[in-house]
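Working notes for the structure below.
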Amino acid sequence: MSAPMNHVVVTGAQGFVGQALVRRLLAEGLGGQPVSRLTLLDVGFDAPHADPRVRQLPGSIAEARLRAAAYEGGVDAVFHLASIPGGAAEKNYELGRQINLDATLGLLEDLRGVRTARGEAPRFVFASTIAVYGEHLPPEVTEATLPAPGLSYGAHKLAGEYLVADASRKGWCQGCSLRLPGVVARPGEGTGMLSAFMSLLFWRLAAGEALTVPVSAEGVAWWISVPTCVDNLLHAASVDPARLNPRRSYQMPVLRLTIAELVEALAERFGPDRRALVQYAPEPFIQKMFASYPPLHTPEALALGLRHDGTVAQLVERAMQT
């Protein structure tokens, strides 16, 4: 890039992936250039940020005034990570639609007329999800597999992908959507997230604590560590837009592992006694939605420069960096 990324906006900045992304932007910049202003949006922040480049805007991204304040002075790149997760969105449809769909459209429409420091349309990276594929998956998933969401969360995220592509066609932004798999290892209990067990496995076994998971040992999931996920988000914001496919949407490459394979890797890392700490109590819906994933082939994403963690040992190593 020929000019610094003067102003970057991150929604959902207080979240698991958001915090990791913010740290990387401040430390490394974007596209080889430093970030001089970073505006963070979330419903609230734990404390004021120590870096003078950071501006925190607490509130709902459904509020037009908050979005307008975020875009003041022009924007070079937007990372839209904010969402109401699947379980919470099913319990409160109105809130899920407001944040996962309506606010996404608002963020894109608000970019009309907003330009970068170079006078270009801003980059817009949208965090979509593998929930767009739904629960009835074919024997293998490719980049040509048609989505069929089984949750409102997935339906709204899929609609967001189309909105990003349309806004890019209109010249409001230079957008790219990335479908995120199970990103690990998220701290905490994962309240509202049906896939919380995926991260809890890391933290509970690292601490030597027992855990009952709602899937079988043979259950298969798609995995990526948060550092590798952030690598892909940053890459999507800096890759030449001319290289993007017409859909402007990509599935992040993943590691496909059984729960037993992950437990074995964690036992190798933290001690053989960890194997006995895991109990299995499969719940049919969670098993189908989060632990019944077929092989995934993403040559298009790999050719663009998106990556997975390489090996299960590297997944564990990188996931525990959080």
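If H235 meets every condition in (1) assigned by TED's automatic domain parsing to the domain that holds T104; (2) in contact with a strand residue (DSSP E or B) (Cβ under 9 Å, 6 or more places away or on another chain); (3) touching a residue at least 60 places away in the same chain (Cβ under 8 Å) apart from one, which number is that one?
It fails just one condition, (2).
Identify, from the list A167, A159, A148, the residue that is in a loop (DSSP other than H, G, I, E, B) and either over 30 Å from A276 (Cβ atoms) or modelled with pLDDT of 95 or more (or both).
A148
So if I check each of A276, A242, which one is assigned to a helix (DSSP H, G or I) and either more than 30 Å from R123 (Cα to Cα) or touching a residue at least 12 places away in the same chain (Cβ under 8 Å) (or both)?
Among A276, A242, only A276 is assigned to a helix (DSSP H, G or I) and either more than 30 Å from R123 (Cα to Cα) or touching a residue at least 12 places away in the same chain (Cβ under 8 Å) (or both).
N6 passes all but one of (1) surrounded by 22 or more Cβ atoms within 10 Å (Cβ to Cβ); (2) touching a Ser or Thr at 6+ places or on another chain (Cβ under 7 Å); (3) within 23 Å of E120 (Cα to Cα); (4) of a type in the set (S, T, N, Q); which number fails?
Only one criterion is unmet by N6, namely (1).
Of the residues F270, F290, only one is closer than 19 Å to E209 by Cα, crowded, with 17+ Cβ neighbours inside 10 Å, aromatic (F, W, Y) and out of contact with any Cys (no Cβ under 6 Å at 6 or more places or on another chain); which?
F270
Quick one: in the stretch 281-299, which of the residues that are under 19 Å from the mean Cα position of the chain (by Cα) and at pLDDT below 95 is farthest from G134 (Cα to Cα)?
Step by step, filter the stretch 281-299, then rank; the result is A291.
The values are calculated or read from the model by the stated rules, or taken from the named source; none is laboratory data. Just so we're clear, the structure is a prediction, and the values are computed from it rather than from any experiment. With ideal geometry, Cβ positions are generated from the backbone for all residues, glycine too; neighbour counts draw on all protein chains shown.
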